[in-house]
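The values are calculated or read from the model by the stated rules, or taken from the named source; none is laboratory data. Keep in mind that this is a model prediction, so the values were computed, not measured. Neighbour counts run over all protein chains shown; Cβ positions are idealised from the backbone, glycine included.
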Ligand code: AMP
């Protein structure tokens, strides 16, 4: 027998109607510009009509290359509410990856901030399916290309009405948004969120033991809206009616701290590199309104957290997640059994990932498939499951290897879980380097280095870095009889990979240590380099 409750699909248009009905007066701030949800909602309807006017098919992907801004928020609402799929794209990826992603998603129309156009426009001829490039004029002086495919966002909106519109997404399992993540080998992989998963994730962020977001908060997602939907924070702010503060393209440390201070922000989230860059300017501003600073996407080091505790009075908290997991799966917090913790112990606990949030499950599994005990002692592969977690990748390669036969996601992280359910990440099995919150594929970098005929072998490993979290180190074996320097390798890489992928440290070796099966033994390399550095 079924329960007798109403079936109301969990969909993104319900968020739009919620903010407009209940929180029309609440603020949406981009840099210097303040609007309210009453201003934004009619613009979302205009946008939906623009998509109809441009004949964008229902179910098609619509790409965005945009900073955190009100206009991007309008796209977050208007694209999925009108039945299309919001495809956020990271413009910091290198050109070939961007081209692959746009073509793999078969984006029909792109919405591009004018300040990002210099990166996107040179690639447009490689985009097979894109019919229009709609420019969001966020400033800058990049000349608008004289091309019939280029349209202006405000012009298009002005031609349409903002009158009420019946957004009907009947199926809560319909695709709402798409975000690509780095593949360890090969191309990036798409994660396709549903309306239901987005709404459930937005609700779980509100939990008192997660981020405890409420109508009284002023939420500033610094984490980019092109990276896992800014951790779902824009949608969570809509659920609870918090004010939203978005930095736009102004992301220097001084600009960010000024924004947090001026708008009396209470909750903000970013990766460790961003929080670290802010330290020198923290003391010059009144940040007394901040009650929670979340740091995710990587580990929180205690030097960073203690600097925040010393200068503004609160430490950072940590959260663990992936693009595949919407992303938040854990959020650190003090529980009853931590009542006695003080000082450094308390800070260290808050700086670790913490327990699973509602609707998600975690387990740690040994190589032979057996479950590791939940006593914090024995690491294994972290696997996760839940309604906000991917069941397959988008596209032809569904990434079956990344999922277990009983449907759990294999994370590629090595972890322990203690008796209280608290997660600790101890290592990573995937061949990726996370630098400043963004991925560098070791394999892609190795291939780019080995494309140089002067190179016999190359292996790339991630080494801890005080500013970026990790940086790639390239270990290169020159071809026989060849003289090669680190500068030669860097010169070869320029233009072949994104500039921030190019390793500062290049080790020229006689050979790369191998495992019994002939693969690079990156563990041995790490030990060798560590030892070498200590000399
Ligand atoms: P992404 O899909 O780009 O968000 O990256 C997800 C990956 O980032 C995870 O699989 C981890 O390797 C890493 N990561 C995320 N959060 C944390 C954390 N709190 N501590 C350590 N590593 C993390």
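If you go through the stretch 309-330 and keep only what is in a helix (DSSP H, G or I), in contact with a helix residue (DSSP H, G or I) (Cβ under 9 Å, 6 or more places away or on another chain) and more than 16 Å from the ligand (Cβ to nearest atom), you end up with 309, 311, 312. The set of residues in the stretch 371-401 that are surrounded by 14 or more Cβ atoms within 10 Å (Cβ to Cβ) and not in a loop (DSSP other than H, G, I, E, B) comprises 380, 381, 382, 383, 384, 385, 386, 394.
Scanning the stretch 223-240 for residues that are more than 11 Å from the chain's Cα centre (by Cα), under 24 Å from residue 276 (Cα atoms) and crowded, with 24+ Cβ neighbours inside 10 Å gives a single hit, 233. The single condition from (1) surrounded by 16 or more Cβ atoms within 10 Å (Cβ to Cβ); (2) farther than 19 Å from residue 128 by Cα that residue 85 fails is (2). The single residue among 236, 212, 230, 208 that is within 16 Å of the ligand (Cβ to nearest atom) and either closer than 30 Å to residue 391 by Cβ or assigned by TED's automatic domain parsing to the domain that holds residue 181 (or both) turns out to be 230.
When 410, 333 are checked against the criterion of being within 25 Å of residue 213 (Cβ to Cβ), surrounded by 14 or more Cβ atoms within 10 Å (Cβ to Cβ) and in contact with a helix residue (DSSP H, G or I) (Cβ under 9 Å, 6 or more places away or on another chain), 333 stands alone in meeting it. Taken over the stretch 413-431, the criterion of being within 10 Å of the ligand (Cβ to nearest atom) and surrounded by 21 or more Cβ atoms within 10 Å (Cβ to Cβ) is satisfied by 413, 415, 423. Could you please let me know if residue 363 is more than 12 Å from the ligand (Cβ to nearest atom), at pLDDT 95 or above and under 22 Å from residue 302 (Cβ atoms)? Against the criterion (more than 12 Å from the ligand (Cβ to nearest atom), at pLDDT 95 or above and under 22 Å from residue 302 (Cβ atoms)), residue 363 does not qualify.
Looking only at the stretch 388-412, count how many residues are on the phi > 0 side of the Ramachandran plot, more than 12 Å from the ligand (Cβ to nearest atom) and modelled with pLDDT under 95. Going through the stretch 388-412 one residue at a time, the tally reaches 2.
State whether one or more residues within the stretch 371-379 are more than 30 Å from residue 283 (Cα to Cα) and within 15 Å of the ligand (Cβ to nearest atom). Checked against the condition, which is being more than 30 Å from residue 283 (Cα to Cα) and within 15 Å of the ligand (Cβ to nearest atom), the stretch 371-379 yields at least one hit. Checked against the criterion of being closer than 23 Å to residue 202 by Cβ, more than 16 Å from the ligand (Cβ to nearest atom) and either touching a residue at least 24 places away in the same chain (Cβ under 8 Å) or surrounded by fewer than 23 Cβ atoms within 10 Å (Cβ to Cβ) (or both), the candidates 268, 252 yield just one match: 268.
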